[in-house]
Amino acid sequence: MDKVYTNNEYKKIVDKVSPNSPIVKNITRAFFVGGFICIIGQFITNFFLNRGASRETVSSITPILLIFIAVILTGLDLYDTLGKFAGAGSVVPITGFANSVASPAIEYKSEGLILGLGAKMFTVAGPVLVYGISTSVIVGFFYYLLK
Amino acid sequence: MKRLGTQTIKLENPVSIIDTASIVGKKEGEGPLASYFDYILEDEYWGEKSFEKTESKILYETINKVLQKSKKTSSDINYILAGDLLNQCISSAYAIRDTNIPFLGLYGACSTMVESLSLGAILIDGGFANNVIAVTSSHFCTAERQFRFPLELGSQRPQTSQWTVTGSGASVLSNDGSGPKITTITTGKIIDMGIKDANNMGAAMAGAATDTIFTHFNETCRNIDYYDLIVTGDLGHIGSNLTNNMLNKIGVNIEQKFTDCGILIFDKEKQDTHAGGSGCGCCASVFSGYLYKKLKEREINKLLLIATGALMSTTIVQQGESIPGIAHAISIENL
């Protein structure tokens, strides 16, 4: 038999019958969870500032602690549950980046420490690093010229 | 002549499915069909060190179970036809390594269960075998690893995505014995509807399902009245909807007798499985568990089973290709 629809007609029908993600719900949750993670970050920052640490030291301590917490939560099989609930809210902060490195590390451990864990650890975060670093080099170059 | 048309054959001596066995994962065991499966896993590892080894063990144990239930030994089996979703069909190969049975490995993505039943029936009707085992498997964790993201990655699944069934189903086909019989076989063509979204497999397969169902009716000169139930493998909610839509458009209405293994196996609302179940193990476990028992109890007497597959490879989809679909049909009847 011939196709009932052409591929273009079919695509339109598929779009019509495929349910969209619940955007309002997802955005609301992302806002609150993402905000909450930032509050934790702010709390850590204030805590160390009040104890006399320099701003420069604190700006290292805060991400280190957040990354640490996120990796522990990933290992405890909790961060994916949070991610499912919060979506971008737990992907965008630095904790999401930590999760994206820790999760393939756990996943590919079964293929050994070198060809598994070592080689596959950056399968998700790799592109972010490549393009993030490349962009910052370009921006840095223009900043240097304009300064 | 056994051929009824370009794609359909009629077996001269219908082949009996003398027994079936199924083993499924924990989540499937929490679904509506739980009571029909032979064994339900307590966790996703089942004492193994990796998910791939677990899937292989599921397939191996399903073969043992079906041998035991059908009172056959491995020396009674002439061929084992098996397949799964993993590269090089490792779940099948490693499971069958220790069985000492001649093995033919198959790949038809999620359509493999009916592909193996079809070929098994052809081998027996052709006089080349007395007993054949048809078996397939899939595992949620191995499929996620191969096709998508790491399990612990905190991301949201799109509403169109399907949940790969952890499980396996096996059937023993025989030229001697009672049980529901395979009577006709419609082998599918590859139909590509141009879908590129790996998170919407139902849409990628619906065109193939439509084509095979329509061709089957045409070439067997049957219609919806002939069957008690028409069941597809893993179109899920979206794929089933699209298949109904396309069949209606060409004047075939099967809606009142139509369902899908991917819809049956999970409770969509309670289990958060979005568009439904999928995977080689979906059709295999639902057929071997639920549908076979309904046939045995004669609640269903004429079943059209259509396993659907999305022939997806992440490599070529990333290169911009679309996902081809395929669907194979067999009719299983109490004669």
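Filtered by the rule that a residue be within 14 Å of another protein chain (Cβ to nearest Cβ) and either surrounded by fewer than 18 Cβ atoms within 10 Å (Cβ to Cβ) or more than 29 Å from A:Asn26 (Cβ to Cβ) (or both), segment A:68-89 gives A:Ile69, A:Ile72, A:Gly75, A:Leu76, A:Asp77, A:Leu78, A:Thr81, A:Lys84, A:Phe85. For segment B:94-105, the count of residues that are surrounded by 22 or more Cβ atoms within 10 Å (Cβ to Cβ), part of a strand (DSSP E or B) and not hydroxyl-bearing (Ser, Thr, Tyr) is zero. Residues that are in contact (Cβ under 8 Å) with a residue 24 or more places away in the chain and within 14 Å of chain A (Cβ to nearest Cβ) number at least 2 in the following helices (runs of 4 or more DSSP H) confined to segment B:222-313: B:236-249, B:268-271. When segment A:17-36 is filtered for residues that are under 30 Å from B:Met246 (Cα atoms) and either more than 10 Å from chain B (Cβ to nearest Cβ) or in a helix (DSSP H, G or I) (or both), the ones remaining, listed by number, are A:Val17, A:Ile23.
Residues in segment B:66-93 that are assigned to a helix (DSSP H, G or I) and under 30 Å from B:Glu144 (Cβ atoms): B:Val66, B:Asn87, B:Gln88, B:Cys89, B:Ile90, B:Ser91, B:Ser92, B:Ala93.
When B:Arg148 is tested against the conditions (1) at pLDDT 95 or above; (2) of a type in the set (Lys, Arg); (3) not assigned by TED's automatic domain parsing to the domain that holds B:Tyr292, the lone failure is (1).
Looking at segment A:90-112, which of the residues that are crowded, with 23+ Cβ neighbours inside 10 Å and polar (S, T, N, Q) is farthest from the other protein chains (Cβ to nearest Cβ)? Looking at the filtered set, the residue picked out is A:Thr95. Looking at segment B:199-213, which of its residues are under 19 Å from the mean Cα position of the chain (by Cα) and over 14 Å from B:Thr184 (Cβ atoms)? Of everything in segment B:199-213, those that are under 19 Å from the mean Cα position of the chain (by Cα) and over 14 Å from B:Thr184 (Cβ atoms) turn out to be B:Asn200, B:Met201, B:Gly202, B:Ala203, B:Ala204, B:Met205, B:Ala206, B:Gly207, B:Ala208, B:Ala209, B:Thr210, B:Asp211. Being surrounded by fewer than 24 Cβ atoms within 10 Å (Cβ to Cβ), modelled with pLDDT of 95 or more and among the aliphatic types (A, V, I, L, M) is a property that B:Leu304 lacks.
The values are calculated or read from the model by the stated rules, or taken from the named source; none is laboratory data. No experiment lies behind these values; they were computed from the predicted model shown. Methodologically, a virtual Cβ is constructed for each residue, glycine included, from the backbone with ideal geometry; neighbour enumeration extends over all protein chains shown.
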